[in-house]
Each structure stands twice: as C-alpha cells, then as structure tokens.
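Engineer: The following block contains the structure, expressed as structure tokens.
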Amino acid sequence: MRRKVFFIEGDGIGKEIWKAGRPVLDRALELASGGELQLEWVELLAGKKAFAETGSYLPQETIDILKNADLAMKGPLETPVGKGFRSLNVTLRQTLDLFACIRPVQYFEGIESPVKHPERVNMVVFRENTEDVYAGIEWAADSKEAKRLLTFLRDEMGVCLDERSGVGLKPMTANGSKRLIRKAIQFALDQRRQSVTLVHKGNIMKFTEGAFRNWGYELAAEEFAGQVICEGGDCCPPGKLVLKDRIADAMFQEVLIRPEQYDVVATPNLNGDYLSDALAAQVGGLGLAPGVNMSSRLAFFEPTHGTAPSIADKDLANPGSLVLSGALMFDHLGWHEAANRVRSAVGRAIALKKVTIDLATQIDGASKVGCKEFGETLMRFLE
Ligand code: NAD
C-alpha cells in the first residue's frame, strides 16, 4: 500500500531536520511492513523557498492541493514579529480550517526535567486552533478601524485609550469550542484515558473563556451522557471519564506539581500555545515535541517548534520532533508498529547519550552530535 503525503520543507532548520528525519520514517515503515507500506512524498512550496521560486510565500497552488488532501506534514515557517506579513501558520490553519491542534507530551528516560517525576507526565493537549486572540483580528493604532474602535470605546463604554493604542478582538464561538472539546473527549474515550481538563481563564474573560468551559460541560451532557462524569460529584464510578476544568494560571502550577492528575487537556488557542511549550519543557524541550493540526478532512503533522534561526544551517538542530510527528502520522494511519519503532529509536538514541545540543545540555554525561549524525543514530536504532 502506498500513501501520498504532501510535505512542506519549511524555513530555518526545516531543510536540515527533513534531510535527517525523512529517511528515518521511510526506513521505519520498510522494517515494520517488510516493504508493503510506503509513503509517496510530494513536496509543496511555502515560506522562503516558495517566495524564491514563485514570488509568493504561500502559493495558491499549495492551498488548493491541501484543501483536497487528507495527509500532509510540514516543517516550521518563519513569521516576523510585529511587522511584515501575517503568519503563514495561522493563515494555513484558518484557510484549511485546521481547528484542532493535538500535541502529546511523552517523557523519554534519561532526560533531566525541571519536574520531580517526569515519568508521570503523560498528557495530550488539544488546542483550539482557529479562534481566540490568535485569529489575528487586530489593528494598528493609526488604522481607521482602530480609530473607530477607540472612539466607540471612549464614547460608549467610557474606556479611554490613547491614540497610540493597538486594538484586537478575541472571538470564540460555541461551535468552534465544542468541536474541539468533542474531539478531545472522543479521543480520551477511545484511548481509555482517565480525564479531560478544560483549561480556561473564565474568571476574568467570562463571555469567551468562561463560555468555553460552560460549552464543554454542556457538550458532555448533550453528547456523552453516561460516558463522562463531571468532577465535583461524589459519583465517579471506575471506568468513567472525568471532565474537569482549571483556571489557566493555576493549571501552569498544577502541571509542575501534580502532572499525574492531568491527562487529556482541551483549551482555547492562546492558553494551548503557552501550555504545550511549557509541557514540552518538562520532557526534553521543543526538539522532542510532535504535533498535528486537524480539520474534518486533513491531518497535517508538524513539529511544535519554530524555525530556530540562531542554529539554522549549522547542523545543530534536533530532528526528533519531526520524526516523532511522523510517528503520530503512522499511528493516525493505523501503522502502529512503524510508529513504535520510531519512538523506540528516539528512546534508545537518548539512552546512548550522543544527542543534539538541545538534549546534551539536559542529559547527565551526554556528548553532542550534529543533526545529521543524530539522524543516522536513529536509523541504526530502528533495526
Ligand atoms: P523556536 O521554536 O524556533 O525556538 C525556540 C528555542 O528552541 C530556540 O532556542 C531554538 O534554538 C530551540 N529549538 C527549537 N527547535 C529546535 C530543534 N529542533 N532542535 C534544537 N533546538 C530547537 O521559536 P522562536 O524563536 O520563537 O521562533 C522562530 C520563528 O519560528 C519565528 O518566525 C516564529 O514565528 C516561527 N515559529 C513557527 C512555528 C511553526 O511553523 N509551527 C512554530 C513556532 C514558531
């Protein structure tokens, strides 16, 4: 069986991690299936490479193909801060309606962690991906929209902001929140997980984040009655999934002190962005943090990290996050043996203590190797 997978190389360290990581995925599949399962990689252009070749950072052809695709993978894409074009990642998520960003957090033995019991960390973050302040609906202070909003706020609401104030919106809908929470609950039930935690800042932002929490409980009652128990009641029969909620700031403390009490997490866009990076730091950092963005049609796998410009083109990047994203893709396709081979190779390479610089600083007695060599080590440990 041959599955077509579209891929975008990405900017910064993208080229290096693909070069080191893609052969690992192909070899894992070959070993796991005796050559019966294969991937047909088809490159799509985006980012700087696309600009150099077509004059556009996100060519229409790339969008059109992805709109009809069901499987894709990408490297990181650069977005300048505070200037220039809109984030390509956000544009892709919104154009393709990739509403759920799913990031599992898995600990590999041997990595020094800032938490006492990292082996107890086993969470999967479901982050809403299209709404919230992250939708990027905002205006510069000198735009006519910002001026109109500032006038409205001053005249109608009595809120006075000076003329140099930028203004942004935080849209959150019942539909957008519920489809994400539904996916998280369904995943937790399928995987026999223990709990789903809704992480929100609803004490302050009542009509957006507070509503997210309420929509979560509403959905559980409407669609999962009998399968899900809401925390608080005494009745929590074994075997039932518990739905609970935590205020976002408290949750950051909780996952450091009591990570074992958290399992699947469902959260609005910005909380999810912060939380998944913080959780990644507990288990080795961004170099080992895989992810997938999903629409109702497309599963678009990608490392959680960015383009890491300061280490790009120096053979320093860790291809781990890319290969672990590939393992997630194998799981998604039902190719679990190939997925397990990849994860096991990463674990064995870490145990060998010859790792890329990001991990070398976190493993006692480790020596550092380049991106290319780490990829070769992973290849060896697939056998
Ligand atoms: P970053 O993830 O690129 O880097 C954060 C830190 O982690 C840096 O110290 C970097 O060296 C390190 N790091 C990241 N990936 C690594 C890897 N594979 N191996 C070793 N070290 C690694 O975050 P940033 O610096 O905030 O962002 C840089 C650019 O990437 C920005 O333009 C940003 O918009 C973009 N970005 C893209 C994505 C994406 O495409 N999904 C995600 C995050 C950031």
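Engineer: Show me the strands (runs of 3 or more DSSP E) found entirely inside region 167-280 where at least 2 residues are open to solvent by less than 70 Å² (accessible area, probe 1.4 Å) and polar (S, T, N, Q).
Structural biologist: Passing ranges, in order: 195-200.
Engineer: Residue check, residue 81 against (1) open to solvent by 40 Å² or more (accessible area, probe 1.4 Å); (2) at pLDDT 95 or above; (3) of a type outside the set (D, E, K, R); (4) within 16 Å of the ligand (Cβ to nearest atom), all met but one. Which one?
Structural biologist: It is condition (2) that residue 81 fails.
Engineer: Further question on the same structure: Within region 284-307, take every residue that is small (Gly, Ala, Ser) and either under 11 Å from the mean Cα position of the chain (by Cα) or open to solvent by 30 Å² or more (accessible area, probe 1.4 Å) (or both) and give me the one that is nearest to the ligand (Cβ to nearest atom).
Structural biologist: This residue is 306.
Engineer: May I ask you to verify whether residue 377 is buried (at least 23 other Cβ atoms within 10 Å of the Cβ) and either of a type outside the set (A, V, I, L, M) or farther than 23 Å from residue 110 by Cβ (or both)?
Structural biologist: So residue 377 does not fit the description; no.
Engineer: Filter region 116-146 down to residues that are among the charged types (D, E, K, R) and more than 30 Å from residue 349 (Cβ to Cβ) and give me whichever is surrounded by the fewest Cβ atoms within 10 Å (Cβ to Cβ).
Structural biologist: Once the filter is applied, the top-ranked residue is 144.
Engineer: Write out, first by first residue and then by second, each pair whose Cβ atoms fall under 6 Å of each other, whose residues are 6+ apart or on separate chains, and whose first residue, in region 339-366, is within 16 Å of the ligand (Cβ to nearest atom) and open to solvent by 80 Å² or more (accessible area, probe 1.4 Å) while the second is at pLDDT below 95 and not β-branched (Val, Ile, Thr).
Structural biologist: 354/367
Engineer: Say whether the condition of being without any contact (Cβ under 8 Å) to a residue 12 or more places away in the chain and among the basic types (Lys, Arg) is met by at least one residue in region 278-297.
Structural biologist: The answer is no, given that none of the residues of region 278-297 is without any contact (Cβ under 8 Å) to a residue 12 or more places away in the chain and among the basic types (Lys, Arg).
Engineer: Here is a further query. Do you know which of the residues in region 23-50 that are charged (D, E, K, R) and free of Cβ contacts under 8 Å to residues at least 60 places away in the same chain is farthest from the ligand (Cβ to nearest atom)?
Structural biologist: The residue in question is 36.
Engineer: Next question, about the same structure. Considering only region 99-115, I want to know if a residue exists there that is within 26 Å of residue 382 (Cα to Cα), open to solvent by 70 Å² or more (accessible area, probe 1.4 Å) and under 18 Å from the mean Cα position of the chain (by Cα).
Structural biologist: Yes, region 99-115 contains at least one residue that is within 26 Å of residue 382 (Cα to Cα), open to solvent by 70 Å² or more (accessible area, probe 1.4 Å) and under 18 Å from the mean Cα position of the chain (by Cα).
Engineer: What number of residues within region 310-324 are within 6 Å of the ligand (Cβ to nearest atom) and either surrounded by fewer than 24 Cβ atoms within 10 Å (Cβ to Cβ) or in a helix (DSSP H, G or I) (or both)?
Structural biologist: 3
The values are calculated or read from the model by the stated rules, or taken from the named source; none is laboratory data. Only a predicted model underlies this, so the values are computations on that prediction, with no experimental measurement involved. Here Cβ is always computed from backbone atoms with ideal geometry, including for glycine, and neighbour counts include all displayed protein chains. Remember, those area values only see protein heavy atoms, side chains included, never the ligands or the DNA or RNA. Shrake-Rupley method; radii C 1.70, N 1.55, O 1.52, S 1.80 Å.
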